[in-house]
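The values are calculated or read from the model by the stated rules, or taken from the named source; none is laboratory data. The structure displayed is predicted, hence computed values, not measured ones. For neighbour counting, all protein chains shown are included, and Cβ atoms are generated from backbone atoms with ideal geometry for every residue, glycine included. Keep in mind that these areas ignore ligands, DNA and RNA; they rest on the heavy atoms of the full protein, side chains included. Shrake-Rupley method; radii C 1.70, N 1.55, O 1.52, S 1.80 Å.
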Amino acid sequence: MDLESVKKYLEKGGETASMVNGFPPKFLETLIMSSLRVDLIEPGRVICSMIIPPRLLNSGNSLHGGATATLVDVVGSAVIPASGHIGLTGVSVEISVTYLDAAYADEEIEIEAKALRVGKSLAVISVEFRKKKTGKVFAQGRHTKYLPVASKL
C-alpha cells in the first residue's frame, strides 16, 4: 500500500464527520454495552455475558479488538466499586489485551472481571473472555487504574 492510500484510509472518517459529531456523549460505551447482561456480581468479581451483535465485528467478521478493549475498560472498571471502593473508578493507566482466538456474530460470550488489587490509589483488574458454549478463553485483558485519593479537607 502506498503512502497516499494509507492517508486516504486513515482520513476516510472525514466524509461523515458532521454525522458522527452529532452522536450523543459517551456513544461508544452505549454502542458496546447495549448487549451486555450482568450474570453475577460479588465482592471483587463481576461476570457478564452478551451475544455478539454484528455492529461490533471487524472486517474479518469477528469481534473487533477495539470492542474487546472497551469491554476490558468498562467491565473491569465495574469491579472497583464491587470491591468496596467508595468514590470514582479512576482513570486508566494501562490496558492490555491478549487475543487468543476469534469470536463471531451471534456467539454468546462470557466476560469475567476480577480485582487483583484495589488499594488506596491503584487498582489492578484481570478480565477474561470465554465462549459460553465451550468455555474456551479467546481473550485476556489486564487493566490498571489510578484511583483519585479523597481530599481530607
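Key figures
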quantity: Residue in the stretch 22-39 that is acidic (Asp, Glu) and open to solvent by less than 70 Å² (accessible area, probe 1.4 Å) present; calculated: no
quantity: Any hit, the stretch 70-90, residues being touching a residue at least 12 places away in the same chain (Cβ under 8 Å), open to solvent by less than 60 Å² (accessible area, probe 1.4 Å), out of contact with any strand residue (DSSP E or B) (no Cβ under 8 Å at 6 or more places or on another chain) and on the phi > 0 side of the Ramachandran plot; calculated: yes
quantity: Residue list for the stretch 35-45, filter: in a loop (DSSP other than H, G, I, E, B) and either out of contact with any Pro (no Cβ under 8 Å at 6 or more places or on another chain) or acidic (Asp, Glu) (or both); calculated: LEU36, PRO43, GLY44
quantity: Cβ pairs under 6 Å, 6+ apart, first in the stretch 124-135 and without any contact (Cβ under 8 Å) to a residue 24 or more places away in the chain and closer than 21 Å to ILE95 by Cα, second in a loop (DSSP other than H, G, I, E, B) and open to solvent by less than 40 Å² (accessible area, probe 1.4 Å); calculated: none
quantity: Unmet criterion (only one of (1) open to solvent by less than 50 Å² (accessible area, probe 1.4 Å); (2) touching a Leu at 6+ places or on another chain (Cβ under 8 Å)) for SER5; calculated: (2)
